[in-house]
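Beneath this line is the structure, given in structure tokens, with notes to follow.
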Amino acid sequence: KLVKFDNDFLWGASTSAYQVEGANLVDGKGPSCQDVKEVPEGTSDLTVCADHYHHFKEDIALMAEMGFKTYRFSISWSRVLPQGTGKINPKGIEFYNQLIDECLKYNIIPFVTMFHFDMPAALDEKGGWSCPESVEWFLEYARVLFKNFGDRVKYWLTINEQNMLTLAGQVIGALHLPKGCTNEMKEIYQQNHYMLVAQAKVMSLCHDMNPDAKIGPALNISLVYAASCRPEDVIAAQNFNAIRNWLYLDASVYGVYNNLVWAYLQENDACPEFADGDAEALKNGHPDFIGFNYYNTATCQESDGTETDNPVADQQTTGGAAGLYRAYRNEYLEMTEFGWEIDPVGFRGTIREIYSRYRLPMIVCENGIGAYDQLVDGRVHDSYRIQYLREHIEQIQLAISDGCEMMGYCPWSAIDLISTHEGMVKRYGFIYVDREEFDLKQLKRYRKDSFYWYKKVIATHGRD
Ligand code: BGP
């Protein structure tokens, strides 16, 4: 029997600062690693994005019109601390104060990500997450956030998609290998370790400074299928599951390293070094909920000892690890225009698996379809988006009926913004941003068909 969505279910949507705000060097903001990286040909730079920085009132009014109960956005570290540490930028604090207050004006709960791929350039130059000091940098930044916004922000997300950063951080442009690095894998897992420790310490700090606030990770979690019922394929799928998903959640929730991953790291001489107090810090930090992004599933077969660069098995991660698993194209699944597999049923499976392992309430922080939307006579007929989201919402309802605790759903994205890889052509929003007539003062907003549809979904608590 299908269980209804609770009246307090948090319907909303997501954005991230560097992809939506624009104004990237305005009002004292320091550059982030995203601002200084070379803009790949055919994509868009970050100077304007959707100019949410100047349009946030209009944007939040549109979100309120859709009936949002929450808005998941991120704070730009270098807008608040232009050098990453030290001097605070008052204009940055003022901007986020206004953004938060604007949400609260409409009873929209701010759900705030602390770090979404945009390390301040000043810290990035020093090595970013490769520096042991990065733990302290993140703590200092967190203190500034909790102190300035903790009276009104009750939900925090630590690091967006730490697993994607570890598995594909160089592609995202937010993780680097220091010059002369000889053991790439060890280096990457050391950076991952600093992030895990930083996150654990920040969760503890949050509970100390704002006892009524709730905090959790925002990972990209997806079910991993075996390509067949051959036992070797099943073992390969378990390996990838551990490397892709459980490493991060086991560390955040239980404060321990996943044993399969630890064995894999040992075999490759890539175990991270623990500083004094790290093990304790990991144990002490506890999330109140699990935030996760879901776009698609992954499928694996036994490794034949070689690597494949098959890109379709998983959205952003590589084709496999020699000897452990090999990526496989799942022939049962359709793909988006951008080649991402679509798997609503796998969404239910993902939710079930997370819940049975960790028994914590969950919120979906991202889910959606990127497409070449067309604006015609002021309308965008994005029936494909409606279909995609409807099918995924149905699976959440099934998962709730399975007994899983779901707090909310924040598809990607509230409004069109810059895609991590494709620029503005790959759109996700309910609200279309017209950058065609590139009049930067205007960047006119249009309600897509999915806007009206989502409004109805929210008003009817999940029925449309
Ligand atoms: C997630 C990121 C987002 C977002 C989304 C869509 O991994 O957290 O920042 O961009 O993926 O990806 P893309 O923009 O590459 O289509």
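For the chain, the pair-distance distribution built from all alpha carbon pairs, in bins 20 Å wide starting at 0, is 25, 61, 13, 0 percent.
A Cα-only calculation for segment 377-454 places Rg and Dmax at 15.1, 50 Å. Extension gain for VAL345 to LEU177 (0.36 nm times residue separation, less C-alpha to C-alpha distance): 56.8 nm. Legend: translational diffusion of segment 31-178 by Stokes-Einstein, Rh = Kirkwood radius over C-alpha pairs, 10 °C, 1.306 mPa s; D = 98 µm²/s. Its Kirkwood hydrodynamic radius, worked out from the mean inverse distance over all distinct Cα pairs, puts segment 1-118 at 15.2 Å.
With the simple model of a label 7 Å out from the Cα in the direction of the Cβ, ASP27 to ILE88 spans 1.6 nm. Inter-label distance, TYR254 to THR43: 3.6 nm, where each label sits 7 Å from its Cα along the C-beta direction. Hey, could you get me the Stokes-Einstein D for segment 155-310, Kirkwood radius over alpha-carbon pairs, 37 °C and 0.692 mPa s, rounded to whole µm² s⁻¹? Answer from the Stokes-Einstein relation: 198 µm²/s.
Looking at the chain, the accessible area is 39 square angstrom per residue; that uses a 1.4 Å probe and ignores ligands, DNA and RNA. Ratio of Rg to Rh for segment 324-464: 1.01 [Cα atoms; Kirkwood radius as inverse mean 1/r over pairs]. Taking Cβ atoms as reference points and 12 Å as the exclusive limit, the residues near TYR18 contribute a net charge of -1, counting Lys and Arg as +1 and Asp and Glu as -1. Solvent-free Debye calculation, one equal scatterer per alpha-carbon of segment 136-246: log10 I(q)/I(0) at 0.12, 0.14, 0.23 Å⁻¹ equals -0.56, -0.71, -1.21.
In terms of packing, defined here as the mean over residues of other Cβ atoms within 10 angstrom, the peptides 48-56, 419-427 line up highest first as 48-56, 419-427. Between HIS381 and LYS147, the FRET efficiency estimated from the beta carbon spacing at R0 = 51 angstrom works out to 0.65.
Rolling a 1.4 Å probe across all protein chains gives TYR452 an accessible area of roughly 110 Å².
For the chain, the Cβ-based charge dipole about the Cα centre amounts to some 1380 debye (Lys, Arg positive; Asp, Glu negative; other atoms uncharged). Which residue, GLY339, TYR388, TYR358, has the largest displacement toward the positive end of the dipole of segment 322-405 when charges sit on each Cβ (Lys, Arg +1; Asp, Glu -1)? After comparing all options, I get TYR358.
Mind checking which lysines have their C-alpha under 29 Å from LYS126, skipping anything on the same chain fewer than 8 residues away? Straight-line reach from LYS126, under 29 Å: LYS29, LYS37, LYS87, LYS91, LYS147, LYS179, LYS186, LYS201, LYS283.
Computed on protein heavy atoms with a 1.4 Å probe, the accessible areas place ASP276, ASP434 in the order ASP276, ASP434, largest first. Check the straight Cα-Cα distances from LYS448 and name the lysines below 27 Å, setting aside those fewer than 8 residues away within the same chain. Qualifying lysines at Cα under 27 Å: LYS4, LYS57, LYS69, LYS105, LYS426, LYS456.
Rounded to the nearest 0.05, the FRET efficiency derived from the C-beta distance between TYR332 and GLU391 at R0 = 22 Å is 0.90. Farthest toward the positive end of the dipole of the chain, out of ASN160, CYS131, GLN190, is the Cα of ASN160, where the dipole comes from beta carbon charges about the Cα centre. Rolling a 1.4 angstrom probe over segment 108-230 with all protein chains present gives an accessible area of which 53% lies on carbon and sulfur atoms.
The values are calculated or read from the model by the stated rules, or taken from the named source; none is laboratory data. Fair warning: this is a prediction, and the values are worked out from it, not measured in the lab. In this analysis, Cβ positions are derived from the backbone assuming ideal geometry, glycine residues included, and neighbour counts consider all displayed protein chains. Just so you know, the surface numbers come from the protein's heavy atoms only, side chains and all, with ligands and any DNA or RNA stripped out. Shrake-Rupley method; radii C 1.70, N 1.55, O 1.52, S 1.80 Å.
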